[in-house]
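Notes follow the structure.
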C-alpha cells in the first residue's frame, strides 16, 4: 500500500479508481492544492468535486449516461467541507 501523499499520474489514477470501485482499495484522490477530489463512497457512488467550474466534464458525463447530483458531499469528507 502506498503511503498517504503519494503522487500518482493520470494513468495510475485510472487504475486506482477501478480498484476503488472493485473495493480492492479504500482511498481518496485529491489534488495537491485541494482544488479537486475524487472519492468512492461505501455505497460505491463516485464523488467528484472541483473548486473550478467544469462544464466540459459535466457535458461529457451526461453524454456517457452518468447521473450527476450537485452539492452532494462525499461521506468521506468532514461535514464542514
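The values are calculated or read from the model by the stated rules, or taken from the named source; none is laboratory data. Keep in mind that this is a model prediction, so the values were computed, not measured. Reconstructed Cβ throughout: ideal geometry from the backbone, glycine too, with neighbour counts over all protein chains shown.
Of the residues contained in the range 60-68, none is found to be closer than 23 Å to residue 3 by Cβ and either in contact with a helix residue (DSSP H, G or I) (Cβ under 9 Å, 6 or more places away or on another chain) or surrounded by 11 or more Cβ atoms within 10 Å (Cβ to Cβ) (or both). Among the residues making up the range 27-47, those that are surrounded by 11 or more Cβ atoms within 10 Å (Cβ to Cβ) and in contact (Cβ under 8 Å) with a residue 12 or more places away in the chain are 28, 29, 35, 36, 37, 38, 39, 40, 41, 46, 47. Note on the range 11-29: residues that are within 13 Å of the chain's Cα centre (by Cα) and modelled with pLDDT of 90 or more amount to 10. Would you say residue 12 is loosely packed, with under 10 Cβ neighbours inside 10 Å, closer than 17 Å to residue 2 by Cβ and free of Cβ contacts under 8 Å to residues at least 60 places away in the same chain? For residue 12, the condition - loosely packed, with under 10 Cβ neighbours inside 10 Å, closer than 17 Å to residue 2 by Cβ and free of Cβ contacts under 8 Å to residues at least 60 places away in the same chain - is not met. The set of residues from the range 22-40 being over 16 Å from residue 2 (Cα atoms) and in contact with a strand residue (DSSP E or B) (Cβ under 6 Å, 6 or more places away or on another chain) comprises 36, 37, 38, 39, 40.
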